[in-house]
1. With both partners inside the chain, how many of the DSSP beta bridges are antiparallel, as a percent to the nearest 5?
2. Under a point spin-label approximation (7 Å from Cα along Cα-to-Cβ), what is the residue 178-residue 263 distance to one decimal in nm?
3. Express in whole angstrom the spacing between the alpha-carbon centres of segment 52-107 and segment 264-279.
4. Once the piece of chain linking residue 92 and residue 219 is laid out straight, how much longer is it, given 0.36 nm per residue of separation minus the C-alpha distance between them?
5. Put a dot 7 Å past each Cα toward the Cβ at residue 428 and residue 365; how far apart are the dots in nm?
6. For a footprinting-style exposure proxy, rank 413, 74 by other Cβ within 10 Å, fewest first.
7. Which of 7, 342 comes first, and how do the rest follow, when ranked by fewest Cβ neighbours within 10 Å?
8. What's the FRET efficiency of residue 27 with residue 326 using the Cβ-Cβ distance as r and R₀ = 30 Å, to the nearest 0.05?
Ligand code: GDG
């Protein structure tokens, strides 16, 4: 690094990595869960940088209040956060509408869930332009802009429209569908052109990348690709961009450390006592129809019917984290899940044994890690998933190498984990039931060998590996070439209640102007 390099890492995502909620007239901040946040928090903490995103609320928040909220949150996070404010209508049509009723189901091969409402597309473009304006305001020309996920595909093309020069790259966290499915999108040509405005685009798996390139080839005559391996160069129309395959991962060491902590050990003892000596099967998912929760519950029910010896000996702990409850399909899904849980418990419960322990809430990270350690089997059976971090986190927490991972062929993580996980077709109810039975009776030696190999691979290819590879491919620079956290000295200087806690020099002046305008 030449020492003069001041280009910073600027993350742009739909949400800031926090949740704002008004409780009894006061704003409360909670760090948000979710794949992207879990992946990027450790990176920005170590390297500093900026995160631009929506605050998660449509209520107007005054400048002072916003400063009071984001200042401490930024200090605690170890990097700066700049807000994008959205109106209720924008959220309804850009986020719940185009992002979650069009792109999300279509890209997960579930076209029947799509609502191709024309005005959603206009709102999507408008809001993407709003994000582009925020990028223009809070970043400098030499900064490196890393845009995340399906809600913000059009940001680079909007930057171009606004004549704002930035190096911008994109990562798609969800799958990219095959040509036949993508062609159903009424705005397919414009959306593909928007993708092409980035300098580098990466997908989770080779299959997603291949699907994307197939779509370019089919829709734009003369598209050519050059190169082999995880990164190829695509010539399309007048653009030359790099396209990569980069499976996201987790902060492996932070999970193993927490799994081995005294705190988790105590919790584990407590949980073990309550569940007696049963084999514990764990499911952890956001409430989402792509996660295959009803199919999994039906498979569990079938396992109990088909293999009576499992009764009173196994327990399913299913956590469903509330999500997108405003979208009608998600409300219906919750009802379906709860009916199934109640049917299974009604059919099989005996005094002292409940077959499904169902939680519709999120748990703390410590509780989650303790459940990962507790679980003898993890059931990760999405109908389709970009990657699925739960599969990797579960393995990381199996510090005794005892657990078995049952994994869907349709999770992006299958590409990496299929050799040592027990693979299932998540639509095959009977197949999953048999996999549960086989996992319960798998020999300890086999479990140990499989889990050891899974963990070794995740340790080698953790989230730092992912970011480093991504940045090298996108910019030719490694993670260490980005400036050390500019906030580190400030963080060290902050005294718990001291006068330095007041927000100074974090660039909020710019944020304030934006909110006023
Ligand atoms: C998208 C893509 C891709 C879950 N429950 C709790 C909790 N979590 C955390 C997990 C994990 C994350 O949420 C879920 O990540 P996934 O990868 O499984 O799924 P999505 O949220 O759909 O993420 C996905 C990901 O982006 C990354 O690219 O893998 O395919 O859909 O980290 O630990 N965390 C806490 N309490 C809970 O109750 N604390």
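Where a number appears in this text, it was derived from the coordinates with a stated rule and is not lab data. In this text the structure is predicted, and so the values were computed from the model without any measurement. Methodologically, a virtual Cβ is constructed for each residue, glycine included, from the backbone with ideal geometry; neighbour enumeration extends over all protein chains shown.
1. Details: 16 of 63 bridges.
Given both bridge residues lie in the chain, the antiparallel proportion sits at roughly 25 percent.
2. If labels sit at residue 178 and residue 263, their model points lie 4.6 nm apart.
3. 38 Å
4. On the way: separation 127, 0.36 × 127 = 45.72 nm, distance 3.05 nm.
Length gained between residue 92 and residue 219: 42.7 nm.
5. It works out to 3.7 nm between the two label points.
6. On the way: 413 28, 74 23.
Result, fewest neighbours first: 74, 413.
7. Working: 7 17, 342 12.
Sorted ascending by nearby Cβ count, the order is 342, 7.
8. Details: r = 21 Å, r/R0 = 0.68.
Computed FRET efficiency for residue 27 and residue 326: 0.90.
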